[in-house]
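Q: One structure follows; several queries about it will come next.
The values are calculated or read from the model by the stated rules, or taken from the named source; none is laboratory data. Model, not experiment: these values are computed from the prediction. As a convention, Cβ positions derive from the backbone with ideal geometry for all residues, glycine included, and neighbour counts pool all protein chains shown. These area figures cover heavy atoms from the full protein model, side chains too; ligands, DNA and RNA do not enter into them. Shrake-Rupley method; radii C 1.70, N 1.55, O 1.52, S 1.80 Å.
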Amino acid sequence: MELRILPECYANTALTTVLGFRKANHKEGVGNILKALDSPGYNNSIGIALIDKDKQAPNRLKEDYQFYKRIGSLEIRRMGQSKRFVIIHPIFEKWTYDEGLIHNISTGEFGLPNDYSAYKDVCKRQDASVNFHLKAYLNSLLQIDSEIKELKQIIDQLIKEFP
């Protein structure tokens with residue numbers, strides 16, 4: 001069984017790598033993520049999309065992907081009885097920045113801006129997926145009891161539950 005991870009943005013692609021999934025299939029926008037999950041390649045594979053909670057998400061997201069479970073601020077939706085899942089997290093840059101604040105980890109310790117607005121700009125850039133400083137910061141959040149670590153546990157559990 002092949003696992004397919006689809007991050008919605010470049011920063012999510014960095015996060016996917018930090019979580020240990022090296023072959024992320026980056027898609028720009030929720031609509032493109034849903035189209036990719038519809039493709040026949042996902043009939044026998046587990047597909048997990050990571051997306052921001054977005055006011056502009058297509059209606060289809062809630063129509064086709066039913067609520068599966070919520071853990072903290074992470075919402076998991078599933079397409080029927082398939083192995084296709086969408087994990088919705090808060091807006092990436094706000095979520096990850098706040099996780100650092102909650103756990104007394106400064107973005108500045110990793111060569112990133114301390115200022116939220118500047119950190120947000122880093123996360124929005126196309127090179128976010130390969131930004132060493134961003135990955136180091138995300139990895140520090142993965143090492144502690146954070147929602148980033150919970151996200152990894154959720155994905156690992158889905159893989160185990162739906163081989």
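Q: Collect the residues in the stretch 1-33 that are in contact (Cβ under 8 Å) with a residue 40 or more places away in the chain, more than 15 Å from Ala128 (Cα to Cα) and in contact with an Asp or Glu (Cβ under 8 Å, 6 or more places away or on another chain), keeping them in residue-number order.
A: Result: Ile33, single match.
Q: Consider the stretch 143-159. How many of its residues are more than 13 Å from the chain's Cα centre (by Cα) and modelled with pLDDT of 90 or more?
A: The number of residues fulfilling the criteria is 7.
Q: In the stretch 56-81, which residues are in contact (Cβ under 8 Å) with a residue 40 or more places away in the chain and surrounded by fewer than 18 Cβ atoms within 10 Å (Cβ to Cβ)?
A: Within the stretch 56-81, Ile71, Gly72, Ser73 meet the criteria.
Q: In a loop (DSSP other than H, G, I, E, B) and either open to solvent by less than 60 Å² (accessible area, probe 1.4 Å) or on the phi > 0 side of the Ramachandran plot (or both) - does that describe any residue in the stretch 48-55?
A: No: zero hits.
Q: Can you tell me which of (1) free of Cβ contacts under 8 Å to residues at least 12 places away in the same chain; (2) farther than 25 Å from Asp54 by Cα; (3) part of a helix (DSSP H, G or I) is the one Asn104 doesn't meet?
A: Condition not satisfied by Asn104: (3).
Q: Quick check on my filter: what residues within the stretch 1-38 are assigned to a strand (DSSP E or B) and of a type outside the set (Val, Ile, Thr)?
A: Passing the criteria: Leu3, Arg4, Leu6, Pro7.
Q: Answer with yes or no whether Leu112 is closer than 24 Å to Arg22 by Cα, in contact with a helix residue (DSSP H, G or I) (Cβ under 8 Å, 6 or more places away or on another chain), touching a residue at least 40 places away in the same chain (Cβ under 8 Å) and not hydroxyl-bearing (Ser, Thr, Tyr).
A: Judged against the criteria, Leu112 is not a match.
Q: Kindly indicate whether Ala11 is of a type in the set (A, V, I, L, M, F, W, C) and at pLDDT below 90.
A: no
Q: Among the residues of the stretch 89-112, is any hydroxyl-bearing (Ser, Thr, Tyr), over 20 Å from Asn25 (Cβ atoms), within 14 Å of the chain's Cα centre (by Cα) and open to solvent by less than 30 Å² (accessible area, probe 1.4 Å)?
A: Yes, that holds for at least one residue.
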